[in-house]
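All remarks here apply to the structure that follows.
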């Protein structure tokens with residue numbers, strides 16, 4: 001029994017040895033397979049001509065855009081920097097990208113991006129921001145670390161991206177580039193919007209201030225036209241004024257960008273009825289918004305001919321309305337190329353034109369008042385009778401120079417005195433103050449007589465005629 005047990009144990013040991021050898025053989029086989037799969041995966045990442053499902057699935061799940069650019073002819077990295085940049089623009093072609101990148105560019109699928117060189121994505125070689133970014137990439141050892149680019153998607157929309165990339169250099173030659181891309185368009189748009197709003201507020205403040213403190217209205221208007229044209233990117237800005245009956249219009253002010261010929265001398269005494277389509281819109285308070293002059297409707301044929309004579313490609317014009325009356329219009333032109341005028345352009349011109357109209361109205365009202373005052377001041381200062389202006393409280397606000405010959409007083413020195421000073425009798429003063437109180441209520445003109453107390457002679461009787469001055473009721 002004992003010998004049999006030993007034999008059985010020896011048999012079991014032999015079986016276990018065989019089993020162990022089998023397992024070791026299987027383990028070796030699995031190790032070899034695993035190493036092979038590992039090498040294939042690493043090879044596919046380094047040289048992605050061989051793709052694996054694991055690699056593709058991983059990249060497709062990322063929220064960042066992934067791309068690979070290969071160079072069709074390896075580049076010597078010892079070339080001058082600018083030559084390298086030009087070379088990379090011409091010879092780097094996108095060979096691979098994930099679905100996220102396709103979506104970022106507004107493309108339907110990767111076929112719209114693959115095979116395109118770097119100039120396609122950067123909008124040519126000479127986009128200032130992108131070329132500087134590319135230069136930074138080269139100088140940084142062909143690596144990009146959070147470098148911004150400004151690009152145009154397949155859908156034609158402007159895009160802003162944050163880029164990180166690494167390159168493959170072999171034997172002193174540039175081979176390929178791997179990179180990731182994050183879409184920061186919404187963030188940039190928000191930043192640009194905030195910046196633009198601040199610029200707009202500064203612009204409006206500047207325009208308002210220029211008119212408030214205007215010493216020369218024409219100079220202020222010309223400065224305004226320059227400011228508004230440069231802000232909106234217009235080549236020419238101008239103002240037309242209508243005459244009193246609206247039959248004629250004149251180009252009164254104009255600003256032109258460099259190399260844009262002025263037109264103001266040719267646009268005087270223009271008959272408004274020669275431009276019925278244009279004037280109808282302005283008289284209805286409508287803006288005239290033309291992105292392409294060549295596409296104006298038939299009813300605007302005369303306007304089209306006039307604009308084409310001036311080589312105008314696109315324009316926007318707004319009516320200038322003061323006290324409910326059309327007094328003219330303000331316009332912006334582009335003569336080098338067509339321009340799509342944005343809502344911001346229109347809003348800027350609209351708000352600033354209201355400031356302009358207010359300034360024009362105030363300036364003309366002030367000029368009319370000055371003319372009127374000058375006329376009546378001449379009359380008061382040459383009359384022998386004394387002309388006075390008295391406040392409701394009996395304070396002398398103005399006295400004409402004739403008061404010197406009349407009563408021996410100096411006009412400027414009497415300003416601010418109470419009228420009681422000129423009454424020789426208190427009873428007559430009381431009567432005069434009662435009349436003054438009644439005038440404040442009745443607003444009626446009249447006269448009264450009293451004994452005038454002169455400075456250089458005895459009192460003498462005078463007749464005082466009065467007319468109330470009523471302002472805003």
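The values are calculated or read from the model by the stated rules, or taken from the named source; none is laboratory data. What you are looking at is a predicted structure, and each value in this text was computed from that prediction instead of being measured. So basically every Cβ, Gly included, is an ideal-geometry build from the backbone, and we count neighbours across all protein chains shown.
Against the condition modelled with pLDDT under 90 and farther than 21 Å from residue 322 by Cβ, how does residue 264 come out, does it pass?
no
Could you give every pair whose Cβ atoms fall below 8 Å, whose first residue belongs to the range 301-330 and is over 17 Å from residue 260 (Cβ atoms) and outside the structural domain of residue 243 (by TED's automatic domain parsing), and whose second residue is part of a helix (DSSP H, G or I) and at pLDDT 90 or above, counting only separations of at least 6 or pairs across chains?
Going by the 8 Å Cβ cut-off, there are no qualifying pairs.
Suppose we keep only residues that are exposed (fewer than 15 other Cβ atoms within 10 Å of the Cβ) and under 18 Å from residue 407 (Cα atoms) within the range 452-473. Which one would you say is farthest from the chain's Cα centre (by Cα)?
The qualifying residue farthest from the chain's Cα centre (by Cα) is 458.
Within the range 332-345, take every residue that is touching a helix residue (DSSP H, G or I) at 6+ places or on another chain (Cβ under 9 Å) and within 17 Å of residue 287 (Cα to Cα) and give me the one that is surrounded by the fewest Cβ atoms within 10 Å (Cβ to Cβ).
Here the answer is 342.
Which of (1) exposed (fewer than 13 other Cβ atoms within 10 Å of the Cβ); (2) within 16 Å of residue 464 (Cβ to Cβ); (3) at pLDDT below 90 is the odd one out, the single condition residue 449 does not satisfy?
Condition (3) is where residue 449 drops out.
May I ask you to list the residues in the range 392-430 that are closer than 19 Å to residue 440 by Cβ, part of a loop (DSSP other than H, G, I, E, B) and touching a strand residue (DSSP E or B) at 6+ places or on another chain (Cβ under 6 Å)?
394
Do you know which of the residues in the range 208-246 that are in a loop (DSSP other than H, G, I, E, B) and under 20 Å from residue 307 (Cα atoms) is farthest from the chain's Cα centre (by Cα)?
By that ranking, first place goes to 235.
Across the range 248-269, what is the total count of residues that are within 25 Å of residue 217 (Cα to Cα) and surrounded by fewer than 15 Cβ atoms within 10 Å (Cβ to Cβ)?
7
Only one of (1) closer than 18 Å to residue 232 by Cβ; (2) surrounded by 17 or more Cβ atoms within 10 Å (Cβ to Cβ) is not met by residue 327, so which one is it?
(1)
Out of curiosity, is residue 423 in the same structural domain as residue 457 (by TED's automatic domain parsing), buried (at least 16 other Cβ atoms within 10 Å of the Cβ), at pLDDT 85 or above and out of contact with any helix residue (DSSP H, G or I) (no Cβ under 9 Å at 6 or more places or on another chain)?
Taking the combined requirement at face value, the residue does not satisfy it.
I'd like to verify a number: residues in the range 235-278 that are free of Cβ contacts under 8 Å to residues at least 24 places away in the same chain and under 15 Å from residue 315 (Cα atoms), how many?
Within the range 235-278, residues that are free of Cβ contacts under 8 Å to residues at least 24 places away in the same chain and under 15 Å from residue 315 (Cα atoms) number 1.
Is there a residue being assigned to a helix (DSSP H, G or I), in contact with a helix residue (DSSP H, G or I) (Cβ under 7 Å, 6 or more places away or on another chain) and either farther than 19 Å from residue 186 by Cα or at pLDDT 90 or above (or both) anywhere in the range 113-120?
Within the range 113-120, one or more residues are assigned to a helix (DSSP H, G or I), in contact with a helix residue (DSSP H, G or I) (Cβ under 7 Å, 6 or more places away or on another chain) and either farther than 19 Å from residue 186 by Cα or at pLDDT 90 or above (or both).
Check 330, 321 and return the single one that is out of contact with any strand residue (DSSP E or B) (no Cβ under 6 Å at 6 or more places or on another chain), modelled with pLDDT of 80 or more, outside any helix (DSSP H, G or I) and closer than 23 Å to residue 204 by Cα.
None of the other options fit; the residue is 321.
When the residues of the range 179-207 are narrowed to those that are outside any helix (DSSP H, G or I) and in contact with a helix residue (DSSP H, G or I) (Cβ under 7 Å, 6 or more places away or on another chain), which ends up surrounded by the most Cβ atoms within 10 Å (Cβ to Cβ)?
Looking at the filtered set, the residue picked out is 181.
Looking at (1) touching a helix residue (DSSP H, G or I) at 6+ places or on another chain (Cβ under 6 Å); (2) closer than 24 Å to residue 184 by Cα, which is the one condition that is false for residue 106?
Failed condition: (1).
Which of the numbered conditions does residue 358 fail, given that it passes all the others? Conditions: (1) crowded, with 16+ Cβ neighbours inside 10 Å; (2) modelled with pLDDT under 80.
Among (1) crowded, with 16+ Cβ neighbours inside 10 Å; (2) modelled with pLDDT under 80, residue 358 violates only (1).
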